[in-house]
1. Count, please, the residues in region 357-383 that happen to be in a loop (DSSP other than H, G, I, E, B), under 19 Å from residue 266 (Cβ atoms) and touching a strand residue (DSSP E or B) at 6+ places or on another chain (Cβ under 8 Å).
2. For region 105-142: of the residues being out of contact with any helix residue (DSSP H, G or I) (no Cβ under 8 Å at 6 or more places or on another chain) and in contact (Cβ under 8 Å) with a residue 40 or more places away in the chain, which is farthest from residue 323 (Cα to Cα)?
3. Just to be sure I understand the filter: pairs with C-beta atoms under 7 Å, separated by 6 or more residues or on different chains, first member in region 282-310 and modelled with pLDDT of 95 or more, second member loosely packed, with under 15 Cβ neighbours inside 10 Å. Which pairs pass?
4. Looking at region 108-127, which of its residues are crowded, with 20+ Cβ neighbours inside 10 Å and part of a loop (DSSP other than H, G, I, E, B)?
5. Taking the conditions exactly as written (free of Cβ contacts under 8 Å to residues at least 40 places away in the same chain, at negative phi and assigned to a helix (DSSP H, G or I)), does residue 62 satisfy them or not?
6. Suppose the filter is over 29 Å from residue 297 (Cα atoms), within 15 Å of the chain's Cα centre (by Cα) and free of Cβ contacts under 8 Å to residues at least 40 places away in the same chain; does residue 95 pass it?
7. How many residues are crowded, with 17+ Cβ neighbours inside 10 Å and in a loop (DSSP other than H, G, I, E, B) when one looks only at region 214-226?
């Protein structure tokens with residue numbers, strides 16, 4: 001080979017090596033995957049919630065990437081892990097995801113107890129944890145750290161929505177599970193009544209084990225506490241899992257002038273409430289309420305694939321995907337610090353409408369829905385009618401973290 005050609009070839013190769021070195025040293029990798037861990041309680045009491053969350057997240061990624069499952073030329077890989085709603089396991093799996101799997105960020109989990117155990121792991125590894133669907137207030141309150149963002153509503157948002165329908169006065173009792181989600185929910189409900197200026201008084205709080213099946217004794221204590229108190233008398237039920245509305249209703253609270261106010265629940269549970277037509281409550285999402293293009297696609301696609309409408313945790317998982325994709329697009333990177341900067345104040349579309357991450361505590365601010373159980377239902381999924389959408393502006397969620 002001619003010496004000039006050899007020199008040219010050598011110069012070309014050296015330039016190539018220099019460019020490769022520049023790319024590596026700057027941390028740019030055009031073929032690198034975007035790796036996301038999704039941790040849910042696939043087995044255990046919250047299995048139904050977990051499956052819906054996972055389904056919604058994958059549907060959201062499909063919709064937002066036009067079925068390609070890639071973003072900005074990078075393939076998206078989702079790694080699923082089952083914490084069985086156990087705090088110790090949740091903590092271990094998140095450390096495994098950050099440390100061994102080298103994920104860019106994580107999404108989860110179903111149980112508030114497990115989610116709380118995971119918070120310090122995100123801070124230790126300096127990686128984002130997007131909370132969905134756990135609701136305990138302390139997650140974005142006193143236990144919060146800057147790597148935590150929450151897409152799901154928190155307990156006080158639930159409480160404020162419910163309180164907006166109970167302003168006139170009367171007497172309220174709470175029935176809740178005796179763990180973080182239940183106690184947080186009651187605390188939030190009481191605070192919410194005060195925040196919206198309700199004249200109703202809380203006369204009793206009843207906490208029972210998560211696995212309770214016989215509510216006779218608990219109901220009797222509630223009825224005794226309420227029977228002579230000012231009307232209307234409302235029993236608010238805060239429950240994760242199969243809501244005991246039917247079992248409480250079977251004990252005939254109407255004998256004491258007590259009406260039931262259930263929080264929204266998954267569709268299989270709502271189907272069992274048909275005999276309680278006219279009962280009102282509040283809910284995070286019901287497939288027929290939001291009117292937007294994204295929700296239209298979700299409902300149609302879910303009906304086609306699963307022969308039923310999407311549920312509230314399906315919408316939550318989808319919304320989590322919306323947050324992730326919006327953040328990655330805005331940051332143009334999966335670097336944690338760039339993502340945090342992009343996500344603080346980020347506004348994005350979801351199937352239930354617009355959401356935004358509040359900069360102070362990274363809580364997703366969002367609308368809620370006041371529903372009434374329908375008297376006339378056209379089919380097995382025609383369950384609720386909309387009383388009104390409660391906008392985020394009417395839900396004055398307090399800032400409780402120590403930032």
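1. Residues of region 357-383 in a loop (DSSP other than H, G, I, E, B): 358-362, 366-367, 374-383.
Now narrow it down to the ones that are under 19 Å from residue 266 (Cβ atoms): 366, 374, 377, 379-383.
Next, from what is left, pick out any that are touching a strand residue (DSSP E or B) at 6+ places or on another chain (Cβ under 8 Å): 366, 374, 383.
So the answer is 3.
2. It comes out as 142.
3. Hits for this filter: 289/386; 309/303.
4. 109, 110, 111, 127
5. Values: free of Cβ contacts under 8 Å to residues at least 40 places away in the same chain: yes; at negative phi: yes; assigned to a helix (DSSP H, G or I): yes.
When the stated conditions are applied, residue 62 passes them.
6. Judged against the criteria, residue 95 is not a match.
7. Count: 1.
Every residue, every condition in (1) at pLDDT 90 or above; (2) surrounded by fewer than 23 Cβ atoms within 10 Å (Cβ to Cβ); (3) under 26 Å from the mean Cα position of the chain (by Cα), yes or no:
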{"residue": "172", "(1), (2), (3)": "yes, no, no"}
{"residue": "212", "(1), (2), (3)": "yes, yes, yes"}
{"residue": "228", "(1), (2), (3)": "yes, yes, no"}
{"residue": "240", "(1), (2), (3)": "no, no, yes"}
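The values are calculated or read from the model by the stated rules, or taken from the named source; none is laboratory data. Small disclaimer: the values here were computed from a predicted structure and weren't measured. Cβ: placed from backbone, ideal geometry, glycine included. Neighbour counts: every protein chain shown.
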